[in-house]
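Scroll down for the structure; my scribbles are underneath it.
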Amino acid sequence: MTERKTVDPELFKAMYGPEVLRSDYTLHKAIFETTPNQITLLTPANRAAGLSSIIIIKAIMPPTTDWAIYNIRSKNLKGFQLGAPERRPKKMCLELYGEDVHLEFDIEQNTSSPGPGITQAELNRIIQTVRKVPRTDAKFTVSPS
């Protein structure tokens, strides 16, 4: 991170190679897969510092209240599920990426309600049924009466 508190792309290139910046999916995958276990006594100091910076970014990134991160995939999209429904977090997120599309579903639930929360089956239904539709030049006209 720089003094302006923005992420330095060179940090990611140095840690993961230039391919990591080719798409949002590969960048997020690299961040989500970085763990403290990758820092050991034998890790070179500059690499340990870079990994530590990425772990801090990972900690503040997800818009969720649950730390579980899962890789997800449908026929045309791949991405991440942030949050485990069985723990009934207040906030969860589905991030889906395609060739030229990024979708984010922020899911909030009332944790104090006695009713059931969202289930993994319901999340899977969202993941498997989302698809890109052809763009149309829709015209919407309203005529005052």
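No lab work stands behind these numbers, since they all come straight from the coordinates. Being a predicted model, the structure only gives us computed values, none of them experimental. Here Cβ is always computed from backbone atoms with ideal geometry, including for glycine, and neighbour counts include all displayed protein chains.
Extension gain, Gln120 to Leu21: 0.36 nm times the residue separation minus the Cα-Cα distance gives 32.6 nm. Once both labels are positioned 7 Å from their Cα atoms along Cα-to-Cβ, the gap between Phe105 and Arg87 label points is 2.0 nm. Average 1/r across all pairs of distinct alpha carbons in the chain, invert it, and you get the Kirkwood radius: 17.8 Å. Using C-alpha pairs under 8 Å with a sequence gap of at least 6, the mean separation divided by the residue count of the chain gives a relative contact order of 14 percent. Full extension of the chain between Asn71 and Ala48 gives 5.8 nm of extra length, using 0.36 nm per residue less the Cα-Cα distance. As a quick test, which of the pairs Lys13/Lys91; Lys78/Lys132; Lys29/Lys75; Lys58/Lys132 have an alpha carbon distance above 24 angstrom in this structure? Those over the limit are Lys13/Lys91; Lys58/Lys132. Helix 45-60 sits at what angle to the longest principal axis of the chain, using alpha carbons and giving 0 to 90 degrees rounded to 10? Tilt of helix 45-60: around 20 degrees. Counting 0.36 nm for each residue step from Asn37 to Arg135 and taking away their Cα separation leaves a gain of 30.8 nm.
Does the stretch 63-133 classify as rounded, prolate or oblate by the C-alpha gyration tensor (a ≥ b ≥ c root eigenvalues; a/c under 1.5 gives rounded; else a/b over b/c gives prolate, otherwise oblate)? Note, shape of the stretch 63-133 comes out prolate.
Take each peptide in 12-20, 108-116, count the other Cβ atoms within 10 Å of every residue, and average; sorted highest first, the result is 12-20, 108-116. Within the chain, antiparallel bridges make up roughly 100 percent of the DSSP beta bridges whose residues both belong there. Averaging the sequence gap over all C-alpha pairs within less than 8 Å and six or more residues apart, then dividing by the number of residues, gives the stretch 63-133 a relative contact order of 27 percent. Computed from Cα positions, the angle between helix 24-33 and the longest principal axis of the chain comes to roughly 60 degrees.
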